[in-house]
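All of the numbers you see were taken from the coordinates with simple rules; none came from a lab. Everything numeric here is computed off the predicted structure, so don't read it as measured data. Counting neighbours? That spans all protein chains shown, and the Cβs are built from the backbone with ideal geometry, glycine included.
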Amino acid sequence: AQSVAQPEDQVNVAEGNPLTVKCTYSVSGNPYLFWYVQYPNRGLQFLLKYITGDNLVKGSYGFEAEFNKSQTSFHLKKPSALVSDSALYFCAVRERNTGFQKLVFGTGTRLLVSP
Amino acid sequence: DVKVTQSSRYLVKRTGEKVFLECVQDMDHENMFWYRQDPGLGLRLIYFSYDVKMKEKGDIPEGYSVSREKKERFSLILESASTNQTSMYLCASSLTQASGNTIYFGEGSWLTVV
C-alpha cells in the first residue's frame, strides 16, 4: 500500500532564509509525486509534480522539489522564504500503474515564515 | 485554468438532516472526487467517479453517498448527518484516470453538524 510521511508538523523559518519541507514515501512500484499548498480556509492548490525525467522539479511561486529514489524522498524547497509562504503543505503519492490509482496524502506540514 | 466550484462554503446542519454538497468543474474532466479533511489525518477519499453515473467507494464511504448525473457535476450526500461528520469537505477533479494527471481542488465546504 502507498503511504506518505511528513515528519514535521511545523517548520519555522525567517523571511529570506531557505526553507525545506520534508516528505518521504512508500510505494510498491514507481511513484508520481505531488506537492499542494493550502492557505487558511481555502482548498488545496497544486504546486508541482514529479512524473519522470529530471529529479529537480520546479513549480509555482518559486518552489522546487527534488526526487531522490534511493532515499524515497521528495522534499519541497525554496531558496528564499516569504511571509506569504506561510501555509499548510501537503505531499502526495500515486503509484505509476494503469487504471485508477488513489492519490495518498501526508498529514501536512505547517510552514510559518516570520518577518 | 481549471475551476472546481463548491457552491456552499459554510453550512450548519442539525443531526439527522439530509445534506447535499454540490460541486461543478468546467474543464470536461472525466474523474471527480470527494475528500474529507480533518486535522492530523490529512485528506481521506470518500468517493470518486470516473464517468457519468459511475461511482466507486474510497477509504471512508460509510454515511455518505454520491450522485453524478452530468459530467461536470458531482454531489456528495449525507443521508442523515451526524456530529462526527463535522469536517471540511473538498471536491476535486482530474482529466482522466492516468496516474500522472494532476488533481485540482475546489475551495472546500465547511460543514458543522450540531
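Quick check on the stretch A:23-36: of everything there that is touching a Leu at 6+ places or on another chain (Cβ under 8 Å) and under 12 Å from A:Asn68 (Cα atoms), which residue is surrounded by the fewest Cβ atoms within 10 Å (Cβ to Cβ)?
Going through the qualifying residues, I end up with A:Tyr25.
Where residues in the stretch A:72-115 are away from chain B (no Cβ under 11 Å) and of a type in the set (Val, Ile, Thr), which of them is nearest to B:Gly100 (Cα to Cα)?
A:Thr72
In the stretch B:62-111, what residues are more than 16 Å from B:Tyr35 (Cβ to Cβ) and in a strand (DSSP E or B)?
B:Ser67, B:Glu69, B:Lys70, B:Arg73
Name the residues in the stretch B:1-29 that are under 25 Å from A:Ala92 (Cβ atoms) and part of a strand (DSSP E or B), would you?
Correct list: B:Val4, B:Thr5, B:Gln6, B:Leu21, B:Cys23, B:Val24, B:Gln25.
Applying the selection to the stretch B:40-53, what residues are surrounded by fewer than 16 Cβ atoms within 10 Å (Cβ to Cβ) and more than 11 Å from every other protein chain (Cβ to nearest Cβ)?
Once the filter is applied, which keeps residues that are surrounded by fewer than 16 Cβ atoms within 10 Å (Cβ to Cβ) and more than 11 Å from every other protein chain (Cβ to nearest Cβ), the stretch B:40-53 yields B:Asp51, B:Val52, B:Lys53.
Filter the stretch B:18-32 down to the residues that are out of contact with any helix residue (DSSP H, G or I) (no Cβ under 9 Å at 6 or more places or on another chain) and surrounded by 15 or more Cβ atoms within 10 Å (Cβ to Cβ) and list them by number.
B:Leu21, B:Glu22, B:Cys23, B:Val24, B:Gln25, B:His29, B:Glu30, B:Asn31, B:Met32
Among the residues in the stretch B:74-81, are any free of Cβ contacts under 8 Å to residues at least 60 places away in the same chain and either surrounded by fewer than 20 Cβ atoms within 10 Å (Cβ to Cβ) or of a type in the set (Ser, Thr, Tyr) (or both)?
Within the stretch B:74-81, one or more residues are free of Cβ contacts under 8 Å to residues at least 60 places away in the same chain and either surrounded by fewer than 20 Cβ atoms within 10 Å (Cβ to Cβ) or of a type in the set (Ser, Thr, Tyr) (or both).
So which of B:Glu56, B:Glu69, B:Glu62 is closer than 23 Å to A:Phe105 by Cβ, away from every other protein chain (no Cβ under 14 Å) and without any contact (Cβ under 8 Å) to a residue 24 or more places away in the chain?
Only one candidate passes the filter, namely B:Glu62.
Can you tell me which condition A:Asn41 does not meet? The list is (1) in contact with a Phe, Trp or Tyr (Cβ under 9 Å, 6 or more places away or on another chain); (2) closer than 25 Å to B:Gln6 by Cβ; (3) in contact (Cβ under 8 Å) with a residue 12 or more places away in the chain; (4) surrounded by fewer than 20 Cβ atoms within 10 Å (Cβ to Cβ), and all the others hold.
A:Asn41 satisfies all of (1) in contact with a Phe, Trp or Tyr (Cβ under 9 Å, 6 or more places away or on another chain); (2) closer than 25 Å to B:Gln6 by Cβ; (3) in contact (Cβ under 8 Å) with a residue 12 or more places away in the chain; (4) surrounded by fewer than 20 Cβ atoms within 10 Å (Cβ to Cβ) except (3).
State whether one or more residues within the stretch A:42-53 are over 14 Å from A:His75 (Cβ atoms) and aromatic (Phe, Trp, Tyr).
Yes, that holds for at least one residue.
Between a first residue in the stretch B:30-45 that is part of a loop (DSSP other than H, G, I, E, B) and a second residue that is crowded, with 22+ Cβ neighbours inside 10 Å, which pairs have beta carbons less than 8 Å apart while being 6 or more apart in sequence or on different chains?
Pairs that qualify, where the first residue is part of a loop (DSSP other than H, G, I, E, B) and the partner is crowded, with 22+ Cβ neighbours inside 10 Å, are B:Glu30/B:Ser94.
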